[in-house]
Amino acid sequence: MAEKDKAKKSLQEYPDVFADIFNAMVYKGNKILIPEKLRQIEGESISAPGELELKQLFRDVTMEYEDDGVRYLLLGIENQDGVDNTMPLRGMGMDYAAYEKQVRQIMAANKVAEKDAGSRKIYRNQQLIPVVTLILYFGESNWYGPKRLRDMLKMPDENIFPGVSDYIHDYGMNLVVLKNLTKEEEERFQSDFKYLVKYLRNCKDPEKVVKLYREEFGDMLHQKETMRAMAALTKDERYLTVEEGQKEEKKMSCAVLNYVEAKAEKRGEVKSQIETCQEFGVTREETLVRVMQKYELNENTARDYMNQYWVE
């Protein structure tokens, strides 16, 4: 898991790739963010007095957008391979940490300028720059977890607590399920990241995948990092053998085809197992456990299979 995260991050840390992701998803393909005006910065974390830092609040990649000395936006990317049922809360924590860090920086500057900032934390005209975090989901299953804070809450009965829900604040997250992007959305990507997006959208169709890599694999600006990311996604290390400047279309096509065909074969076996269990009266949860154990699947992937093939 750590290697997969590292592979994706190493590609996203290039300003042209980072800008491309935000231009594609936030600005609908318009080239609003200019790579040269992005500056990578350290992420943030929050901690309570006397406690260890909550390192899970670090974003994978964080950049600041600055033009002529003016800071406009703080942008972050968080990568997810599996469904995390705490993701809205984690996203809220990441954004809070970024804002809280700005407050601390302003307070420190005030203290230096005035020699004693007193009890006032920041002045009214000292505004914070907005924070935007994209959650990129690379999983092949659908995102079935919560998408906003209220999805995680057991809301009180309005008959017992009338009107209280109006005072319970919500917090959403900018979730991007890469495999569910439309063809139009896919075409917005112009950087090397487009190859990962195209793969995820077509990975369940072997013919489309092979055609994609034979016809659309062009010159890569960051070939080494793109190949590392593809190797992590497909679990095929043959991508790592492609040398700089070489397309190796046949090798890459075969690697993808082998991987996708293997997954298709397993999918057929899992489908048959689920149908057999249901036919013999095995419960849904017991079938889930059997599928996980027999095919060595994680719970997220197994539940995705169950949602597809279990007949209610």
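The values are calculated or read from the model by the stated rules, or taken from the named source; none is laboratory data. Note that this is a predicted model, so its numbers are computed, not measured. Methodologically, a virtual Cβ is constructed for each residue, glycine included, from the backbone with ideal geometry; neighbour enumeration extends over all protein chains shown.
Looking at the structure I just gave you, is SER165 among the small types (Gly, Ala, Ser) and surrounded by 15 or more Cβ atoms within 10 Å (Cβ to Cβ)? Quick ask: steps written out before the conclusion?
Numbers: among the small types (Gly, Ala, Ser): yes; surrounded by 15 or more Cβ atoms within 10 Å (Cβ to Cβ): no.
Criteria not met by SER165.
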Task: Qualifying positions in the stretch 115-156 - modelled with pLDDT under 90 and acidic (Asp, Glu) - done: ASP116, GLU140
Task: Scope the stretch 23-44; condition touching a residue at least 60 places away in the same chain (Cβ under 8 Å) and surrounded by 21 or more Cβ atoms within 10 Å (Cβ to Cβ); matching residues - done: ASN23, ALA24
Open item on the list: Looking at ALA255, ALA302, can you tell me which residue is farther than 24 Å from THR182 by Cβ, outside the structural domain of LYS179 (by TED's automatic domain parsing), at pLDDT below 80 and among the small types (Gly, Ala, Ser)?
Closed with: ALA255
Task: Selection count where residues are more than 20 Å from TRP143 (Cβ to Cβ) and loosely packed, with under 15 Cβ neighbours inside 10 Å, scope the stretch 291-312 - done: 5
Open item on the list: So, in the stretch 178-199, exactly how many residues are closer than 20 Å to PRO15 by Cα and in a loop (DSSP other than H, G, I, E, B)?
Closed with: 6
TODO: Give me a count of the residues in the stretch 287-312 that are within 16 Å of ASP81 (Cβ to Cβ) and touching a residue at least 60 places away in the same chain (Cβ under 8 Å).
DONE: 5
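To keep it simple, each residue is scored yes or no on (1) free of Cβ contacts under 8 Å to residues at least 12 places away in the same chain; (2) among the β-branched types (Val, Ile, Thr); (3) closer than 25 Å to THR86 by Cβ.
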{"residue": "ASN159", "(1), (2), (3)": "yes, no, no"}
{"residue": "PRO162", "(1), (2), (3)": "yes, no, no"}
{"residue": "ILE168", "(1), (2), (3)": "no, yes, yes"}
{"residue": "VAL176", "(1), (2), (3)": "no, yes, yes"}
{"residue": "LEU181", "(1), (2), (3)": "no, no, yes"}
{"residue": "GLU186", "(1), (2), (3)": "no, no, no"}
{"residue": "ASP192", "(1), (2), (3)": "no, no, no"}
{"residue": "TYR195", "(1), (2), (3)": "no, no, no"}
{"residue": "LYS198", "(1), (2), (3)": "no, no, no"}
TODO: Being part of a strand (DSSP E or B) and modelled with pLDDT under 95 narrows it down to one of LEU52, LEU73, so name that one.
DONE: LEU73
Open item on the list: Quick check on the stretch 277-290: of everything there that is outside any loop (DSSP other than H, G, I, E, B) and exposed (fewer than 12 other Cβ atoms within 10 Å of the Cβ), which residue is modelled with the lowest pLDDT?
Closed with: GLU279
